[in-house]
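To keep things clear, I will list the structure first and then write my remarks on it.
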Amino acid sequence: MATAGFELRRGLRVMWRIARADPARMFGVGAVGAVLYAAMVVAAAAVLAFVTDEVVLPAVAAGVVTTRDLVLIVVAIVGVSVVKAAGIFGRRFGAYLVQYSTQAMFRRQITERFLRLPMAWHRRHPTGQLLSNAIADVEAATFVAAPMPMALASTVLIIVAATALLLTDPFLALVGFLMGPALIVANLAFQRRMRTLVEAAQQSRGDVATIAHESFDSALVIKTLGREAAEVDRFAMTTEQLRDEMIEVGRLRAVFDPMIEALPNIGILLVFVVGAWRVQATDLTAGDLVGFAYLFRLSAIPLRVFGWLLGDIPRAVVGMERIDRVLDADVEEDDGSVQLPAGTGLDVAVTGLSYHHPVDDHLDARGLQDVDVAAMRGQTIAIVGPTAAGKSTLAWLVARLLEPQAGSVTIDGIDLQRVARNTIPDTVSIVFQESFIFDDTVANNITLGGDWTHGEIVAAAGIAQAHGFVNHLPDGYDTVVGERGTTLSGGQRQRIALARALVRRPRLLILDDATSACDPSVEAAILERLSGADLPATVLLIAYRSGSIGLADQVLFLDEGRAVAQGVHDELMVTVPGYRQLITAYERRAEERARQEGP
């Protein structure tokens, strides 16, 4: 019972939080409507008792009904009904506005939080679970908002009705009140069991969303490898688990809901049985019994409302806890305050930089260890190394997508962690190997809503070697390229992503293998245009091809997370055997591919 009581207190805190956070300020409308409805319910009972004693029974005794009596009955009943209907409208209108506006508010807060949390946090949380936080968990947490005004009205109604019942007949009132403790005991037992079931079901909802998201994203891999049946089986296993858990929830509600319905009806039967005996004993009039029974029947509605509300509390508590895990995540990096002025390329200095990726709450060996590198203003630095050497990790740290565990990154002599985050996207642009393209026009994919002229868009696309193929699209820059750019080739997507970065005229441009899907001639043309363009950018270039590397002013060679050497490409080819073996291996592979493809 103590656990159930604690659950009830948490549920009440969730409801209070929703009422206070109501962005539409409509809870008051619902509350006023609910109180008005409760008052009219009590008034209806009084009217019914009055009509029974003063109109119906005298008319039956006299054998005639006068027009005055009929008018009195109609005016009394219709008047109360109209006001009660207005109360119902206000109660429901306010309740649903509170529910849906609060859902929108929580979804905005969650989305804003997602966008502010670091990439290290996102890597530990599957996308499906995040979707479940923003959709299923918000719905679960705010579902209790709809019955809240009715619960307020029910509280008022119970107080007023209990007072009226006690004034009418205390003995009969005590008989009816026996249902209250029975209902409380049933609710406490229900909540204790429901909490566990709902928590498991909400987790399974997230698992289903995660697998669905993976299946959609990997559709090409699944189809090309013929793994459709295996993927369906994987999805079916999780959905069947969710089904079983929801059936358990339904089975528990199938026992609880009829009990909630039955207890008030049992109370009404007891009231009629005891009330009839009281009328026979002349301790109560027939009108009093009719009014009492009507009022008690209406008092049973609040009991049902509380039953429904208490039945939804475990789901609301679980949903709010899952929301708070996102909103209260304490891994957000500290924001700086230094504003970077506009200007030419940046001086970049990496000193003693170390970072190891967390895997299952442990630090993996992958990453960087005590790396030093410097790029002077306007220079192009090529970052070269074998797979898992730490090249992308370095790029992410310099773009402040990750926070260093040791060492520092400074730009123009300022520690990057002191720089205000809102100035970094205007200063540093990073282009990844996997280029995300939105289901929008080419122009909008380049600007992402930014205010650039068509001429600036064309100029950026020209440097990225994208202008030519864009002009051949059906609607040019106004062509909608489909979800994730499915109508474009990999190289075309990369060039649009590069144009997206260039149109912002960054002072530091990071290309993380951003032209890997382009053929060597296109890649060389892009780099030549970059070096000759009027851009104020220092460039960090992760590259593999010797032609691209040869265009860089300096080369940083990484191996197993450590900086092995830094210098000019030709010098490293002579002095660093590991570097020479890596570059010649890429060249041999390119030559073999060219021979296989033939003339």
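Listed by first and then second residue, the pairs with beta-carbon distance under 7 Å, at least 6 apart or on different chains, first residue in the range 206-222 and over 14 Å from N133 (Cα atoms) and modelled with pLDDT under 75, second surrounded by 15 or more Cβ atoms within 10 Å (Cβ to Cβ) and charged (D, E, K, R), are S215/E231; I222/E231. If you go through the range 410-425 and keep only what is at positive phi and surrounded by 13 or more Cβ atoms within 10 Å (Cβ to Cβ), you end up with just D412. When the residues of the range 556-572 are filtered to those that are touching a Leu at 6+ places or on another chain (Cβ under 9 Å) and over 17 Å from L541 (Cβ atoms), the one that is surrounded by the fewest Cβ atoms within 10 Å (Cβ to Cβ) is R562. With respect to being surrounded by 19 or more Cβ atoms within 10 Å (Cβ to Cβ) and in a loop (DSSP other than H, G, I, E, B), L535 fits the description. Could you pull out the residue among I437, I457, I430 that is closer than 17 Å to A499 by Cβ and in a strand (DSSP E or B)? After ruling out the rest, the residue left standing is I430. Taken as a whole, the condition of being of a type in the set (A, V, I, L, M), surrounded by 15 or more Cβ atoms within 10 Å (Cβ to Cβ), touching a Pro at 6+ places or on another chain (Cβ under 9 Å) and assigned by TED's automatic domain parsing to the domain that holds V32 applies to A95. Put simply, of A466, A460, A443 the only residue that is touching a Phe, Trp or Tyr at 6+ places or on another chain (Cβ under 9 Å) and closer than 21 Å to A525 by Cβ is A460.
Does the range 519-536 contain at least one residue that is of a type in the set (K, R) and at pLDDT below 80? No, that holds for no residue. Taking the range 492-543 as the range and being of a type in the set (V, I, T), under 20 Å from L346 (Cα atoms) and more than 33 Å from the chain's Cα centre (by Cα) as the test, the residues that pass are T538, V539, I542. Close contacts from the range 483-501, counting a first residue that is assigned to a helix (DSSP H, G or I) and a second that is charged (D, E, K, R) and exposed (fewer than 15 other Cβ atoms within 10 Å of the Cβ), with Cβ to Cβ under 8 Å and a gap of 6+ residues or different chains, come to E483/D439; R484/D439; G491/D519. Scanning the range 61-97 for residues that are hydroxyl-bearing (S, T, Y) and part of a helix (DSSP H, G or I) yields T67, S81, Y96.
Out of curiosity, is V290 assigned to a helix (DSSP H, G or I), crowded, with 22+ Cβ neighbours inside 10 Å, at pLDDT 65 or above and in the same structural domain as I18 (by TED's automatic domain parsing)? No, not satisfied.
Name the residues in the range 502-526 that are among the aliphatic types (A, V, I, L, M) and either in contact (Cβ under 8 Å) with a residue 40 or more places away in the chain or not in a helix (DSSP H, G or I) (or both), would you? Listed by number, the residues that qualify are L502, V503, L508, L509, I510, L511, A514, A517, V522, A525, I526. Scanning the range 560-581 for residues that are small (G, A, S) and assigned to a strand (DSSP E or B) gives A563, A565, G567. Are any residues in the range 380-412 assigned to a helix (DSSP H, G or I) and out of contact with any Pro (no Cβ under 9 Å at 6 or more places or on another chain), and if so, which ones? Residues satisfying the conditions are K391, S392, T393, L394, A395, W396, V398. Of the residues contained in the range 444-455, one or more are found to be without any contact (Cβ under 8 Å) to a residue 60 or more places away in the chain, buried (at least 19 other Cβ atoms within 10 Å of the Cβ) and not hydrophobic (A, V, I, L, M, F, W, C).
The values are calculated or read from the model by the stated rules, or taken from the named source; none is laboratory data. Since this is a predicted model, take the numbers as computed values, not measurements. So basically every Cβ, Gly included, is an ideal-geometry build from the backbone, and we count neighbours across all protein chains shown.
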